[in-house]
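Only one structure is covered here, and it is reproduced in the block below.
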Amino acid sequence: MTLPRRHALAGAAILLLAFPSFADAEATRQQKKPKAEQQAAPATPLDKRDRAVAAPGTPFNGKAYWQAAAQCGGIYFKLGTVYSEQAVRAKVTKPDPAAYAAFTKQADEASKTATVFFTAAERFLIVDRKLGRDEAVLTYDPLATATGDRVKTAEAAIQAAQPCAELYQTCRGAFPQVCNDSAMLTN
């Protein structure tokens with residue numbers, strides 16, 4: 001056997017030994033990942049400058065308004081993403097014009113609702129903590145993302161979003177200058 005062939009065979013043997021190790025490491029990482037995703041969204045301690053939600057019996061009671069609004073925004077954003085993916089499948093994979101139209105409409109509505117909640121979170125941070133707009137977005141975005149990432153299906157997102165309408169009504173009653181989108185009251 002020539003020297004170049006020996007090198008090639010040795011290299012192939014090393015690769016054959018290394019790939020299973022990489023595959024095992026990746027499989028182990030994937031098994032650990034779902035456990036991390038099931039954890040609750042990171043809770044930011046209530047800052048004395050933050051206005052807290054006073055809505056007993058809701059999951060948002062006692063949380064800062066900006067946190068509650070960011071969580072709802074994250075849920076609705078994820079819902080919009082799920083509906084968009086379903087719309088793409090209805091358009092490309094299994095063409096169904098009626099399903100495409102319905103999913104597109106639902107995705108647009110969810111996106112608009114997410115924007116309303118993100119705007120409220122931003123306004124609370126700007127007013128309560130005197131943050132700039134960019135700083136406010138950077139503050140609420142990780143919480144919104146973590147909350148949205150925990151939701152996997154449209155049904156789960158709809159279930160998670162149920163208390164959000166009541167949150168917005170409570171906010172509108174207490175702080176109409178911040179939660180001022182009257183269209184949210186009809187949703």
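The values are calculated or read from the model by the stated rules, or taken from the named source; none is laboratory data. Computed from a prediction, not measured in an experiment: that's the story for all the values here. Don't worry about glycine lacking a Cβ; one is built from the backbone with ideal geometry, like all the others, and counts go over all protein chains shown. Surface areas here come from the heavy atoms of the whole protein model, side chains and all, with no ligands, DNA or RNA. Shrake-Rupley method; radii C 1.70, N 1.55, O 1.52, S 1.80 Å.
Would it be correct to say that GLN86 is touching a residue at least 24 places away in the same chain (Cβ under 8 Å), within 19 Å of GLY148 (Cα to Cα) and open to solvent by less than 40 Å² (accessible area, probe 1.4 Å)? When the stated conditions are applied, GLN86 does not pass them. Checked against the criterion of being within 21 Å of the chain's Cα centre (by Cα) and either in contact (Cβ under 8 Å) with a residue 40 or more places away in the chain or farther than 19 Å from ALA174 by Cα (or both), the candidates TYR65, TYR100 yield just one match: TYR65.
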